[in-house]
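Structure, as structure tokens:
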Amino acid sequence: MSQSVSPIPDTREMVASLEGGPVVIVDDHEAVREMVGYFLRQAGIPPTSMIEFSDGVGLEEMARQGRPMGFVLLDWVMPGMSGLKALSRLRAYPAYRKTPVLMITGRGEGSEIVRAVEEGADGYVVKPFTAVNLIEKMKNILLPPRHARLLDEAETLLDRGELAPADERIQAALAEKPESAGARLLRARLHEARGELRQAETMLREAVARNPAYLRAYGELARFYRRRGSNDLALEILLKADRLSPHFVSRKLEIGGLSLDLGQAEQADRIFREALALDHEAVDEVVEICAERDASTLAREYLDLVVARKRAGAGFNRSETDSFVERYNRAGIEFRRKGHWSEAIATYERALGVDPENAVLHFNIGVAYLQVHENAKARTFLERALALNAASPEPDRRLPELVGRELSRLI
């Protein structure tokens, strides 16, 4: 933009708090990135302290490289990787769990906003917004009130095992804000570190009771019960949270896993399907959860479900085809590992439905048929694997030797 920059007053303290790294602007619209950059320059942030990306992939790559970030402005709706998915992946890196993130969204629905907060957003601004709107939102995150700063200090001290000074900060925060659910969560953590489990549970339940909409408290209470081996109580708490906020995929996956652990397969199935309806990319985690619990057949059903949805929609591009074949392959390997060869064959055949010319899949099916002594079918698939590999523009050099070894067993 060529227009002159009109300064926004009272931003010096906010700008000073950004010394830990640049402001990262992630939006697929260049005009929005330019507008946000202009607003930041109005606040006194130089262009050299800004980094722009047109998608969430750039943000994830920056995190993978361990580069510093002072603040992230993240668009919600982007092609490919959504803002929520990018946020989830950013928070998966320990170094960025407390990096301030402000979501930029055209969505004002309460359920969507709750979902963003649960994924780790510190705030949100709804389009269209002004420079003052944006900077005020950033100030609220970067310059929190005193009780919030005390709790942040207490959490850092707890992380270092410094219990006494952490306790002092928590007490000071409660003096500032006696109803604080966040302070009760930290006091619960303090009690647990001291082995005072009854007091810890009391504090966690108080946090839930005092602010029933504070969903983090439900998660902390559920994790406390899981650490104590009380999975039934943990599941009860998580189901309450899910009823309040039914769009948080990570919680649904946890509920599904706990349901399987407790023998509640129908409930697990319902919850997993809900999770996949919200985010089909969660299929990898669903499959892993099921495989860990000897539920590979269920895992395969979810792959089938997502594949059917893809076919009913835009279909598969090459990278998606490879991805789904790999997912089926992993499920097939799990069946083979357990000696369930017929199930492995059924799984590989489903993968062929996604990529019918895949030489490796034909090889895997041939090997599985060998294990169940169906030699004629084994030969058909192994020979087909050789032919497909030979016709491939990028043949697998190892495959002819592997196929030859298996065919020799048929002689």
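The values are calculated or read from the model by the stated rules, or taken from the named source; none is laboratory data. The structure displayed is predicted, hence computed values, not measured ones. Note that we place each Cβ from the backbone using ideal geometry, even for glycine, and neighbour counts take in every protein chain shown.
Points to keep in mind about this one:
- Val24 meets all of the listed conditions (1) assigned to a helix (DSSP H, G or I); (2) within 17 Å of Thr99 (Cα to Cα) but one, namely (1).
- No other residue among Asp261, Asp284, Asp304 is touching a helix residue (DSSP H, G or I) at 6+ places or on another chain (Cβ under 7 Å), within 18 Å of Ala222 (Cβ to Cβ), surrounded by fewer than 18 Cβ atoms within 10 Å (Cβ to Cβ) and among the charged types (D, E, K, R) apart from Asp261.
- Output for segment 131-152, where each listed residue is polar (S, T, N, Q) and in contact with a Gly (Cβ under 9 Å, 6 or more places away or on another chain): Asn140
- Residue in segment 330-339 that is buried (at least 21 other Cβ atoms within 10 Å of the Cβ) and within 30 Å of Glu119 (Cα to Cα) present: yes
- Scanning segment 51-89 for residues that are at pLDDT 90 or above, within 24 Å of Glu136 (Cα to Cα) and of a type outside the set (Gly, Ala, Ser) yields a count of 12.
- Meets criteria (exposed (fewer than 14 other Cβ atoms within 10 Å of the Cβ), of a type in the set (Ser, Thr, Tyr) and under 22 Å from the mean Cα position of the chain (by Cα)) for Ser323: no
- Residue within segment 187-199 that is more than 21 Å from the chain's Cα centre (by Cα), assigned to a helix (DSSP H, G or I) and under 30 Å from Ile271 (Cα atoms) present: yes
- Every test in (1) free of Cβ contacts under 8 Å to residues at least 40 places away in the same chain; (2) assigned to a loop (DSSP other than H, G, I, E, B); (3) not hydrophobic (A, V, I, L, M, F, W, C) is passed by Glu34 save one, and that test is (2).
- Contacts under 6 angstrom Cβ, first residue in segment 252-274 being polar (S, T, N, Q), partner surrounded by 18 or more Cβ atoms within 10 Å (Cβ to Cβ) and assigned to a helix (DSSP H, G or I), 6 or more apart: Ser259/Ala268; Gln267/Ser259
- Pairs meeting the criteria (first residue in segment 359-382 and free of Cβ contacts under 8 Å to residues at least 40 places away in the same chain and under 15 Å from Tyr328 (Cβ atoms), second residue basic (Lys, Arg) and surrounded by fewer than 23 Cβ atoms within 10 Å (Cβ to Cβ), beta carbons under 6 Å, at least 6 apart or on different chains) are His362/Arg384.
- Of all residues in segment 158-172, those satisfying the criterion of being aliphatic (A, V, I, L, M) and either touching an Asp or Glu at 6+ places or on another chain (Cβ under 9 Å) or farther than 24 Å from Val101 by Cβ (or both) are Leu163, Ala164, Ala166, Ile170, Ala172.
- In segment 113-130, residue modelled with the lowest pLDDT [restricted to those that are of a type outside the set (A, V, I, L, M, F, W, C) and in contact with a Leu (Cβ under 9 Å, 6 or more places away or on another chain)]: Arg115
- When Phe224 is tested against (1) more than 21 Å from the chain's Cα centre (by Cα); (2) in a helix (DSSP H, G or I); (3) loosely packed, with under 15 Cβ neighbours inside 10 Å, exactly one condition is not met: (3).
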